[in-house]
Amino acid sequence: MGLFKSAIGKLKQGLERTRESFAAQIRSMLVGKNLDEALIKELEARLIQSDVGVHATRRLIEGIRADYRAGKQTRGEHALAYLKRELKAMWPEADRRLKFNETPGEPTVILVTGINGVGKTTSIAKLCKALRDEGKTVLLGACDTFRAGAVRQLEIWADRLGVEVVKGQQGGDPAAVAFDATAAALSRGVDVLILDTAGRLHTQDPLMRQLEKIRAVTAKKIPTAPHEVLLVLDATSGQNAIRQAEEFGKAAGVTGIFLSKLDGTARGGIVIAVREATDIPVKFVGVGETPDDVQPFDPESFIEAMFEE
Ligand SMILES: Nc1nc2c(ncn2[C@@H]2O[C@H](COP(=O)(O)OP(=O)(O)OP(=O)(O)O)[C@@H](O)[C@H]2O)c(=O)[nH]1
Ligand SMILES: [Mg+2]
């Protein structure tokens, strides 16, 4: 996909816990067994218990059962191969790419949102590093004026990564910072502006309106902005993450998901449930706490890494 090198080793490491619990159990349930109705039922129960979700499970199991009854699948290995193939096919290629501003000379604006503590700021550092590695110039906007220390946290990352930050007053209007940052990105001619925002819940009306205002002020300067609204979801939060994707998707015009903290969870299957519950593509996964710990979400390598022996 051009942007971001895919380091399979890192991804495998990040998915270690998911592989050990979820995928290894499915493997050992299926490998070396004859397929029968009881085994299919057992697989169904296991998939539902995991974060794959009820809908995806039903669809996958119906496919396996139909094949079994038609005599096309007779072994557990057949079901496993089917499962992997179907899972990999759930994500169309095109919508996983980061969208850039196509107007020459204008920056791409990426707005990053999500609830408290999911990894927004860290994920911004990761995106920033990956974009810089691709030779792009990056500017950061510190629109989290709410939490004490938030600006400083972003500045520390910025110093390490060699980029600049546009900031405002602690407690000031985040939309004013977004406006200044967009103006600065335009006048400095940077390629990408990434806006950090304070954590918020979709139920907090004033904060959701504030997000809308941030979007609107960037569009005042650059009519096509923001080009991406990335929702950061914490993979360790399981089904809660699905609700956040649904709610933010409706309220914040989310264009992509950054799924963080995959390394800390056995719940990597959550990507499947997110896909089933929303049309929002997962674009990136976070697999650790350093700026290098980011991967483009690639279903092929993701599912392979998840199910590897
Ligand atoms: N293991 C692991 N930890 C992560 C990952 N991403 C973020 N973190 C950690 O999660 C914690 C919160 O990260 P932040 O980036 O501050 O989260 P935030 O969403 O900006 O938080 P607020 O601004 O307070 O809402 C930090 O300790 C990060 O190091 C990840 O992919 N893996
Ligand atoms: Mg933050």
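Screening the stretch 110-168 for residues that are within 20 Å of ALA219 (Cα to Cα) and within 13 Å of ligand 1 (Cβ to nearest atom) and picking the one that is surrounded by the most Cβ atoms within 10 Å (Cβ to Cβ) gives CYS143.
Residues in the stretch 204-219 that are away from ligand 2 (no atom under 16 Å from the Cβ) and touching a Ser or Thr at 6+ places or on another chain (Cβ under 8 Å): 2 in all.
Here's the yes/no breakdown for (1) in contact with a Cys (Cβ under 6 Å, 6 or more places away or on another chain); (2) at pLDDT below 90; (3) surrounded by fewer than 17 Cβ atoms within 10 Å (Cβ to Cβ):
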{"site": "GLY2", "(1), (2), (3)": "no, yes, yes"}
{"site": "GLY9", "(1), (2), (3)": "no, yes, yes"}
{"site": "GLY14", "(1), (2), (3)": "no, yes, no"}
{"site": "GLU20", "(1), (2), (3)": "no, yes, yes"}
{"site": "SER28", "(1), (2), (3)": "no, no, yes"}
{"site": "LEU35", "(1), (2), (3)": "no, no, no"}
{"site": "GLU42", "(1), (2), (3)": "no, no, yes"}
{"site": "ARG46", "(1), (2), (3)": "no, no, yes"}
{"site": "VAL54", "(1), (2), (3)": "no, yes, yes"}
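Could you say whether any residue in the stretch 253-260 is crowded, with 23+ Cβ neighbours inside 10 Å, among the hydroxyl-bearing types (Ser, Thr, Tyr) and over 18 Å from ASP144 (Cα atoms)? Within the stretch 253-260, one or more residues are crowded, with 23+ Cβ neighbours inside 10 Å, among the hydroxyl-bearing types (Ser, Thr, Tyr) and over 18 Å from ASP144 (Cα atoms). With a requirement of 1 or more residues that are more than 21 Å from VAL294 (Cα to Cα) and without any contact (Cβ under 8 Å) to a residue 40 or more places away in the chain, the helices (runs of 4 or more DSSP H) lying completely within the stretch 185-279 that satisfy it span 205-221, 239-252.
Scanning the stretch 76-115 for residues that are under 25 Å from GLU62 (Cβ atoms) and of a type in the set (D, E, K, R) turns up GLU77, LYS84, ARG85, GLU86, LYS88. Quick check: anything in the stretch 258-266 in contact with a strand residue (DSSP E or B) (Cβ under 7 Å, 6 or more places away or on another chain) and either more than 16 Å from ligand 1 (Cβ to nearest atom) or farther than 28 Å from ARG132 by Cβ (or both)? No: the stretch 258-266 contains no residue that is in contact with a strand residue (DSSP E or B) (Cβ under 7 Å, 6 or more places away or on another chain) and either more than 16 Å from ligand 1 (Cβ to nearest atom) or farther than 28 Å from ARG132 by Cβ (or both).
On the given criteria, is ARG46 out of contact with any Pro (no Cβ under 7 Å at 6 or more places or on another chain) and more than 30 Å from ARG97 (Cβ to Cβ)? So ARG46 passes the test.
Cβ-Cβ distances below 8 Å connect no pair with a first residue in the stretch 1-24 that is closer than 21 Å to LYS126 by Cα, a second residue that is at pLDDT below 70 and basic (Lys, Arg), and a separation of six or more residues or different chains.
Taken together, the residues in the stretch 224-241 that are farther than 17 Å from GLY286 by Cα and either modelled with pLDDT under 95 or touching a Pro at 6+ places or on another chain (Cβ under 6 Å) (or both) amount to 2. Looking across the stretch 124-160, not a single residue is over 21 Å from ALA175 (Cα atoms) and near ligand 2 (Cβ under 9 Å from one of its atoms). Any residue at all in the stretch 90-98 that is more than 16 Å from ligand 2 (Cβ to nearest atom), touching a Leu at 6+ places or on another chain (Cβ under 7 Å) and assigned to a helix (DSSP H, G or I)? No; the residues of the stretch 90-98 include none that is more than 16 Å from ligand 2 (Cβ to nearest atom), touching a Leu at 6+ places or on another chain (Cβ under 7 Å) and assigned to a helix (DSSP H, G or I).
Scan the stretch 169-203 for residues that are within 16 Å of ligand 2 (Cβ to nearest atom), closer than 23 Å to ASP234 by Cα and surrounded by fewer than 16 Cβ atoms within 10 Å (Cβ to Cβ) and report the count. Counting residues in the stretch 169-203 that are within 16 Å of ligand 2 (Cβ to nearest atom), closer than 23 Å to ASP234 by Cα and surrounded by fewer than 16 Cβ atoms within 10 Å (Cβ to Cβ) gives 1.
The values are calculated or read from the model by the stated rules, or taken from the named source; none is laboratory data. Note that the structure is predicted; figures quoted are calculated from it, not measured. When we count neighbours, we look across all protein chains shown, and the Cβ atoms used for this are built from the backbone with ideal geometry, even at glycine.
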